[in-house]
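Asks: Here you go, one structure.
The values are calculated or read from the model by the stated rules, or taken from the named source; none is laboratory data. All values derive from a computational prediction rather than experimental measurement. When we count neighbours, we look across all protein chains shown, and the Cβ atoms used for this are built from the backbone with ideal geometry, even at glycine.
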Amino acid sequence: MHTYQRILGATAACLAVMLGSSACSMLGGSSTPSSNAGAVSSTPSPTGVSADALASNSVADLGSAASVRLVGNVTSSSRKMTLNLQLVAGKGCAGTIAMGSKGSFKMTLLGTKLWVLPDKAFWVGVGAHGSKLTEIEGKYIGTTISSKAFGNFATLCDAKTLAGHFGNASGMTRGAGSTIDGQSVVAVQDPVQGTAYITDTTTPHLVRLSMPGASGGQIDFLDYNKPAVITAPHASLTVPGSKFGF
């Protein structure tokens with residue numbers, strides 16, 4: 001599998017496994033690219049660093065980032081999902097995943113502890129109703145990364161693990177320079193036309209990853225190394241997942 005397919009595939013696979021679990025077997029839906037993803041405009045590329053070097057260095061940078069935010073969409077098995085997740089190295093992540101008419105949920109991963117707050121559309125879609133829906137609606141489900149229903153978030157919430165799915169950059173092609181949200185980037189393409197947009201700097205950042213087609217998607221990597229804190233939801237807002245089989 002090619003370089004950029006790996007990380008999109010890893011992200012989509014993590015979501016697909018979760019959505020295929022007993023808690024979410026009926027989920028699917030559509031989404032649109034994040035409004036935070038800026039338009040690309042053409043500008044000259046400032047340096048001549050090779051595509052392979054830019055790709056390798058940006059992957060290393062992602063893996064060592066103290067924090068980074070993932071915003072975008074991925075598609076797996078015709079399911080298109082949007083995500084907005086803040087990752088903090090050594091701590092966990094927090095954010096939202098949405099699946100169109102099938103609902104959305106907030107989640108917080110802190111160490112090995114995981115809290116998930118689905119909306120009503122989510123719960124109705126997986127069969128919750130009546131008194132059970134009343135009991136869980138508006139509450140975080142407290143569980144851990146060993147949860148069969150939601151534990152796959154652990155992979156998605158770790159930048160080092162995500163970076164490990166890239167493999168070795170080889171045979172990349174350097175494309176045109178441009179800007180994304182005011183950042184100067186250069187397009188780096190793999191042989192199957194997946195494109196990464198990377199800052200053309202001494203310490204290059206991966207800014208955007210884009211893959212076309214039915215199983216593609218787009219993810220922006222934002223706010224590298226900016227201060228971020230992951231906070232557990234208040235106990236009054238949670239219910240134990242074990243009570244509901246999570």
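Asks: Kindly indicate whether any position in segment 45-58 is touching a helix residue (DSSP H, G or I) at 6+ places or on another chain (Cβ under 7 Å) and at pLDDT below 95. Give the derivation first.
Replies: Filtering segment 45-58 down to residues touching a helix residue (DSSP H, G or I) at 6+ places or on another chain (Cβ under 7 Å) leaves 55.
In the following step, the residues that additionally are at pLDDT below 95 were identified as 55.
Yes - at least one qualifying residue is present in segment 45-58.
Asks: A further question on this structure: Check whether at least one residue in segment 13-22 is under 21 Å from residue 228 (Cβ atoms) and either modelled with pLDDT under 50 or touching a strand residue (DSSP E or B) at 6+ places or on another chain (Cβ under 6 Å) (or both), and report yes or no.
Replies: Yes, segment 13-22 has at least one match.
Asks: For segment 133-140, state whether one or more residues are in contact with a Lys or Arg (Cβ under 9 Å, 6 or more places away or on another chain), buried (at least 22 other Cβ atoms within 10 Å of the Cβ), of a type in the set (Ser, Thr, Tyr) and touching a residue at least 40 places away in the same chain (Cβ under 8 Å).
Replies: yes
Asks: Answer yes or no: is there a residue in segment 147-154 that is of a type in the set (D, E, K, R), surrounded by fewer than 20 Cβ atoms within 10 Å (Cβ to Cβ) and farther than 19 Å from residue 61 by Cβ.
Replies: If we filter segment 147-154 for residues that are of a type in the set (D, E, K, R), which is where we start, we get 148.
Next, from what is left, pick out any that are surrounded by fewer than 20 Cβ atoms within 10 Å (Cβ to Cβ): 148.
Still in the list and also farther than 19 Å from residue 61 by Cβ: 148.
Yes: segment 147-154 contains one or more residues that are of a type in the set (D, E, K, R), surrounded by fewer than 20 Cβ atoms within 10 Å (Cβ to Cβ) and farther than 19 Å from residue 61 by Cβ.
Asks: Would you point out the residue of segment 121-130, among those that are touching a residue at least 40 places away in the same chain (Cβ under 8 Å) and over 20 Å from residue 152 (Cα atoms), that is surrounded by the fewest Cβ atoms within 10 Å (Cβ to Cβ)?
Replies: So the first thing to find is which residues in segment 121-130 are touching a residue at least 40 places away in the same chain (Cβ under 8 Å), and the list is 122, 125-127.
Those left that are additionally over 20 Å from residue 152 (Cα atoms): 125, 127.
On the way: 125: 20, 127: 10.
The residue in question is 127.
Asks: Would you say residue 51 is crowded, with 18+ Cβ neighbours inside 10 Å, more than 19 Å from residue 217 (Cα to Cα) and touching a residue at least 60 places away in the same chain (Cβ under 8 Å)? First the steps, then the outcome.
Replies: Values: crowded, with 18+ Cβ neighbours inside 10 Å: yes; more than 19 Å from residue 217 (Cα to Cα): yes; touching a residue at least 60 places away in the same chain (Cβ under 8 Å): yes.
Taking the combined requirement at face value, the residue satisfies it.
Asks: What do you reckon, is residue 181 among the acidic types (Asp, Glu), modelled with pLDDT under 90 and over 20 Å from the mean Cα position of the chain (by Cα)? I'd like the intermediate steps shown before the answer.
Replies: On the way: among the acidic types (Asp, Glu): yes; modelled with pLDDT under 90: yes; over 20 Å from the mean Cα position of the chain (by Cα): no.
No.
Asks: Moving on. May I ask you to list the residues in segment 85-120 that are surrounded by fewer than 18 Cβ atoms within 10 Å (Cβ to Cβ) and assigned to a helix (DSSP H, G or I)?
Replies: Correct list: 100, 101, 120.
Asks: If I ask for residues that are of a type in the set (A, V, I, L, M) and crowded, with 21+ Cβ neighbours inside 10 Å, which ones from segment 66-82 would you list?
Replies: Matches in segment 66-82: 68, 70, 71, 74, 81.
Asks: Can you tell me which of 148, 160 is among the basic types (Lys, Arg) and not in a helix (DSSP H, G or I)? First the steps, then the outcome.
Replies: Working: 160 fails: not in a helix (DSSP H, G or I).
Every option except 148 fails the conditions.
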